[in-house]
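The structure appears below as structure tokens.
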Amino acid sequence: MDERGTRFTRLYDEYHRRVLAYALTHAEPHTAEDIAGETFLIAWRRLDEVNDPALPWLLAVARNLLHKQRDRGRRGRDLAARVRALASSGDLAAWDVAEHVVERETALAAVAALPERDLEVLALVNWHGLDTRQAARVMRCSGAAFAVRLHRARRRLARALEAAGDTPAAGDAADGSARASRPAAAPVAGKAAR
């Protein structure tokens, strides 16, 4: 195998599951598999443009493909339905914020109340483990703009948790003193996504 093939194989082996996990947060399983496959097809064609670390570049490609696939309004409704379906199916390894934050129903109600943009910002940092700079590349904005979006998303989540009836944890999240109070599924989902 040539150097290009070796580099692509290493890229695929390291990141395919994480790209697929990202796509699964936005699409049905069969669509997510197509998105992940197309993401790596684009990566193969544009391999010279893929920088280290490659995950932000790959997630940006997957995100663009998802945007082409579905209109924004429908995606928001579908995402809330998938969160509810995950909670009822018992397969919460992908996104069980309830076990890490608050009681399941309260957390799900708070998450479902968030706009899709907030969900994506929180997922990039807390689930996919990207830092602010990397997540900003995925969202195609500056690091400062992403930091503001993240701060606002966390604040809206804290208010949603408080409105759903979990005042103590929401208060912690609102003042930023307890990072465990936001939907930090990264320890569980991060391992599952890799």
If you go through region 141-165 one residue at a time, how many are within 16 Å of L119 (Cα to Cα), of a type in the set (A, V, I, L, M) and in contact (Cβ under 8 Å) with a residue 24 or more places away in the chain? 6
As an exercise: evaluate A173 against (1) crowded, with 17+ Cβ neighbours inside 10 Å; (2) modelled with pLDDT of 50 or more and give the number of the one condition it does not meet. (2)
Test for G76: is it assigned by TED's automatic domain parsing to the domain that holds C141, closer than 21 Å to F146 by Cβ and at pLDDT below 90: yes
For region 89-131, how many residues are out of contact with any Gly (no Cβ under 8 Å at 6 or more places or on another chain), of a type in the set (G, A, S) and either in the same structural domain as P56 (by TED's automatic domain parsing) or modelled with pLDDT of 55 or more (or both)? 8
Tell me whether region 33-43 contains one or more residues that are loosely packed, with under 14 Cβ neighbours inside 10 Å and in contact (Cβ under 8 Å) with a residue 12 or more places away in the chain. no
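The values are calculated or read from the model by the stated rules, or taken from the named source; none is laboratory data. Quick caveat, the model's predicted, so the values are computed rather than measured. Cβ sites come from the backbone with ideal geometry, for glycine too, and all protein chains shown count toward neighbours.
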